Amino acid sequence: MVRVRFAPSPTGALHIGGARTALFNWLFARNQNGKFILRIEDTDRERSTLTANHAIFHGLEWLGIDWDEGPNVDGPFGPYYQTERLAIHQKYVEQLIAEGKAYYCFCTPQELAQRRAEAEERKEAPRYDGTCRKCSGEEIKAKLGGGQPKVVRFRLPPVGETVVHDLIRGKVVFKNEVLDDFVILKSDGFPTYNFACVVDDHLMEITHVIRGDDHLSNTPRQILLYEAFGWKLPEFAHIPMILGKDKARLSKRHGATSVIDYSAMGYLPEAMINYIAKLGWGHGDQEIFSRAELIEKFSLGAVGKNPAIFDMDKLNWLNGQYIRKMMPERLFDLCEPLLIEAYGTHDLTYMKKVVAVFHDRLVLFPDIVPLSSYFFKDDFEYDPKSAEKYFKTETAKPILAALKDRLSQLEPFTKDKIEPVFKQLATEMNVKLGIIIHPCRLALSGRSETPPMYDVVEILGKAKVLARLDKAIATLNDLS
């Protein structure tokens, strides 16, 4: 059975890169009828926080990425927090030491820093020089007995090469001579990432390791650990980096990078899932995928090698597409609290009509607040450029006066009755319909762009429409 894992460090919120890694693992597992495991790699005690841990859960849950095993879900391979697995890691460290494949290192941080500086002066790559690799059993025993601070290092084969057979990048070769005897157990008793990752992946029977290609340089070390234990290697797949449109690595300057930030900004989880899936993966020219389609069509073979470009404009377009497909009731549920916060409580039917008329115009659902302000506030100002264009004409005042007179007599005040009023007036004045609509739109909203005019007139209702036409006519009188 395919078993994959997402193994974040709880040092911050779930960002787009992490969400993409989780999603690709989840889609692969679901496509293969496998298992998706969540493991929290919290061995960085200085940076790991409970808040970040909850933020990861929140982000995954918002995106709808569920896990088959992991925190809060029973599974046969737990515990799923690495800090709860320290005794397991210690056991395997001791095994490597006993087999001569790892050794204690007593070099101080100061000594290591000095050697790195000397190597840089010689223009050599900074590597551990193997000082403690040569320690005799007597020396080691004495230093351990004296309680001297120590780490444990893996005894790396000094020659040869390590080959990564990557499902996305193909064959990647690393020379062992450019690696060094890396630390597998820190002085505080906690394992390093490379060691804990290998032990836990093996014991949790992970079949495929799907992660960002920034981890590719870790892979030869992990392969050497697998070989030292005599364990079967998982399949590796390193997915491309995500860059901003400026081709720099994705960061906060490219927009919000926390998944929950996007939720607060008004993006829909289904739009985010769709967009994130397209960052490095694709299926022909198709842009919009349902969750079921993503599961059905996803394959590692369709993941590209080149960096993915994060484009906010594309994300906005996609979010707008999902809003247009949304059921009106769900859109209203999202918009109603925002409107009440901005404009107070109003008649429920009225608010539903306002939201409905913007259904095809929203990119982010919080956009409803600025876009609809004239439906809730009478004290708006006229856009200066629009006023110059549509109010300062010879026809503006007679048009508004005629509309006021005819609409005041209209019953019922509905769109099918309102539309003929505008068209008849345009015919009588021998002008295009836009000449009638533009000054009316400005009078009723203060803007040059709104939803369809007849919808706006009907929703506002007769009393507000007549009052605003009066105000606009008064304004025109002041201008003349």
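For segment 228-249, check the following and say yes or no: at least one residue is closer than 24 Å to Tyr104 by Cβ and aliphatic (A, V, I, L, M). Within segment 228-249, one or more residues are closer than 24 Å to Tyr104 by Cβ and aliphatic (A, V, I, L, M). Among residues of segment 206-231 that are modelled with pLDDT of 95 or more and of a type in the set (Phe, Trp, Tyr), those with a Cβ under 9 angstrom from a residue that is open to solvent by less than 30 Å² (accessible area, probe 1.4 Å) and not in a helix (DSSP H, G or I), sequence gap 6+ or separate chain, pair up as Tyr226/Pro234. Filter segment 136-170 down to the residues that are surrounded by 11 or more Cβ atoms within 10 Å (Cβ to Cβ) and over 21 Å from Ala228 (Cα atoms) and list them by number. Glu139, Ile140, Lys141, Ala142, Lys143, Leu144, Gln148, Pro149, Lys150, Leu167, Ile168, Arg169, listed by residue number.
Number of residues in segment 393-411 that are farther than 21 Å from Asp455 by Cβ, among the hydroxyl-bearing types (Ser, Thr, Tyr) and either in a helix (DSSP H, G or I) or touching a Ser or Thr at 6+ places or on another chain (Cβ under 7 Å) (or both): the value is 0. For Arg127, the criteria (1) buried (at least 16 other Cβ atoms within 10 Å of the Cβ); (2) not in a loop (DSSP other than H, G, I, E, B) hold in every case but one, which is (2).
Take the conditions (1) hydrophobic (A, V, I, L, M, F, W, C); (2) open to solvent by 60 Å² or more (accessible area, probe 1.4 Å); (3) part of a loop (DSSP other than H, G, I, E, B); Ile435 misses just one of them, which is (3).
Does segment 283-292 contain at least one residue that is within 21 Å of Leu27 (Cβ to Cβ), of a type outside the set (Gly, Ala, Ser) and in a helix (DSSP H, G or I)? Yes, segment 283-292 contains at least one residue that is within 21 Å of Leu27 (Cβ to Cβ), of a type outside the set (Gly, Ala, Ser) and in a helix (DSSP H, G or I).
Within segment 171-219, being assigned to a helix (DSSP H, G or I), open to solvent by 30 Å² or more (accessible area, probe 1.4 Å), under 17 Å from Ala87 (Cα atoms) and touching a Lys or Arg at 6+ places or on another chain (Cβ under 9 Å) holds for His202, Leu203.
One line per residue, one yes/no per condition, for (1) touching a residue at least 12 places away in the same chain (Cβ under 8 Å); (2) open to solvent by 40 Å² or more (accessible area, probe 1.4 Å):
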| residue | (1), (2) |
| --- | --- |
| Phe391 | yes, no |
| Ala396 | yes, no |
| Ala401 | yes, yes |
| Arg406 | yes, yes |
| Leu410 | yes, no |
| Phe413 | yes, no |
| Ile418 | yes, no |
| Phe422 | yes, no |
| Glu428 | no, yes |
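Flag: Leu96 does not match the condition of being part of a helix (DSSP H, G or I), under 30 Å from Arg127 (Cα atoms), among the hydrophobic types (A, V, I, L, M, F, W, C) and open to solvent by 20 Å² or more (accessible area, probe 1.4 Å). Counting the residues of segment 19-34 that are small (Gly, Ala, Ser), assigned to a helix (DSSP H, G or I) and closer than 15 Å to Val209 by Cβ gives 2. Of the residues making up segment 123-166, those that are more than 42 Å from the chain's Cα centre (by Cα) and of a type in the set (S, T, N, Q) are Thr131, Ser136, Gln148.
Selection of segment 44-72 for residues being open to solvent by less than 20 Å² (accessible area, probe 1.4 Å) and either in a strand (DSSP E or B) or farther than 26 Å from Phe28 by Cα (or both) yields Glu69, Gly70.
Across segment 243-254, the number of residues qualifying as surrounded by 16 or more Cβ atoms within 10 Å (Cβ to Cβ) and free of Cβ contacts under 8 Å to residues at least 60 places away in the same chain comes to 1. Filter segment 10-43 for residues that are farther than 21 Å from Met312 by Cβ and of a type in the set (D, E, K, R); which is most open to solvent (accessible area, probe 1.4 Å)? So, considering only residues that are farther than 21 Å from Met312 by Cβ and of a type in the set (D, E, K, R), the one most open to solvent (accessible area, probe 1.4 Å) is Lys35. A residue that is closer than 30 Å to Glu287 by Cα, out of contact with any helix residue (DSSP H, G or I) (no Cβ under 7 Å at 6 or more places or on another chain) and assigned to a helix (DSSP H, G or I) occurs somewhere in segment 371-392. Being open to solvent by 10 Å² or more (accessible area, probe 1.4 Å), on the phi < 0 side of the Ramachandran plot and in contact with a helix residue (DSSP H, G or I) (Cβ under 6 Å, 6 or more places away or on another chain) is the requirement here; does Thr257 meet it? The answer is yes for Thr257.
Scan segment 348-369 for residues that are open to solvent by 80 Å² or more (accessible area, probe 1.4 Å) and either farther than 17 Å from Asp455 by Cβ or basic (Lys, Arg) (or both) and the total you get is 4. How many residues does segment 86-110 contain that are under 16 Å from Asp181 (Cα atoms) and among the acidic types (Asp, Glu)? Qualifying residue count for the region: 1. The set of residues from segment 122-158 being more than 19 Å from Asp188 (Cα to Cα), in contact (Cβ under 8 Å) with a residue 12 or more places away in the chain and among the polar types (S, T, N, Q) comprises just one member, Thr131. Of all the listed residues (Thr11, Thr21, Thr43, Thr51), the sole one being polar (S, T, N, Q), under 30 Å from Ile309 (Cβ atoms) and at pLDDT below 95 is Thr11.
Just a yes or no: is a residue in segment 424-432 in a helix (DSSP H, G or I), at pLDDT 95 or above, of a type outside the set (Lys, Arg) and in contact with an Asp or Glu (Cβ under 9 Å, 6 or more places away or on another chain)? No - not one qualifying residue is present in segment 424-432. Of the listed requirements (1) in contact (Cβ under 8 Å) with a residue 12 or more places away in the chain; (2) buried (at least 16 other Cβ atoms within 10 Å of the Cβ), Gly78 misses just one: (1).
The values are calculated or read from the model by the stated rules, or taken from the named source; none is laboratory data. No experiment lies behind these values; they were computed from the predicted model shown. So basically every Cβ, Gly included, is an ideal-geometry build from the backbone, and we count neighbours across all protein chains shown. Heavy atoms of the whole protein, side chains included, go into the accessibility calculation; ligands, DNA and RNA do not. Shrake-Rupley method; radii C 1.70, N 1.55, O 1.52, S 1.80 Å.
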